[in-house]
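The values are calculated or read from the model by the stated rules, or taken from the named source; none is laboratory data. Computed from a prediction, not measured in an experiment: that's the story for all the values here. Heads up, the Cβs are rebuilt from the backbone with ideal geometry, glycines too, and the neighbour counts pull from every protein chain shown.
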Amino acid sequence: MASFSSSLRSGRKRKFKSEINVVPYIDVMLVLLIIFMVVPPANSPSVINLPTAAKSALPPDDYIQIIIKPNTSMSIGINGKNAVTPTDVPDRAALVVRLRALHDDHPEFPVMISGDRDSKYDDVIQLISEAKKMGINRVGLATK
């Protein structure tokens with residue numbers, strides 16, 4: 001009877017739970033998710049530093065030169081024998097008007113775009129697109 005009474009004192013036999021408590025793991029994952037969403041990326045995808053390249057060909061004798069500076073200021077002029085000093089333009093619309101006038105005066109001149117390493121890549125692409133819309137077939141990029 002001793003064995004019977006000892007089992008009554010302990011009451012029911014304990015059942016072990018075979019479940020994993022995942023609530024703390026979910027809390028940690030949510031905190032990490034919020035941290036990664038709030039912290040901004042280290043680099044800006046809108047600015048690309050273009051590398052220098054070797055010269056593939058000599059530039060033409062006379063060409064229309066567009067200079068894009070990193071502070072979004074632009075200038076346009078003619079480089080070569082019939083040189084016209086570059087004039088600063090306030091925005092892209094004024095640059096397109098000046099480019100159209102220079103192209104009408106000198107339709108055989110190609111266009112050379114000199115973009116600074118720190119200028120926006122989109123500005124260069126937009127200027128190439130505008131020149132192609134005007135019917136300028138020869139558009140090049142100046143490199144160092």
Sole exception among (1) at pLDDT below 65; (2) under 24 Å from the mean Cα position of the chain (by Cα); (3) of a type outside the set (Gly, Ala, Ser); (4) outside any loop (DSSP other than H, G, I, E, B) for Ile66, by number: (1)
Cβ pairs under 6 Å, 6+ apart, first in the range 80-96 and in contact (Cβ under 8 Å) with a residue 12 or more places away in the chain, second in a loop (DSSP other than H, G, I, E, B) and surrounded by 15 or more Cβ atoms within 10 Å (Cβ to Cβ): Gly80/Asp62; Lys81/Asp62; Asn82/Asp62
Residues of the range 72-95 satisfying the condition of being within 17 Å of Lys120 (Cβ to Cβ) and either in contact with a helix residue (DSSP H, G or I) (Cβ under 8 Å, 6 or more places away or on another chain) or modelled with pLDDT under 80 (or both): Thr72, Met74, Val89, Arg92, Leu95
Identity of the residue in the range 70-83, in contact with a strand residue (DSSP E or B) (Cβ under 8 Å, 6 or more places away or on another chain) and surrounded by fewer than 20 Cβ atoms within 10 Å (Cβ to Cβ), that ends up farthest from Ala101 (Cα to Cα): Ser73
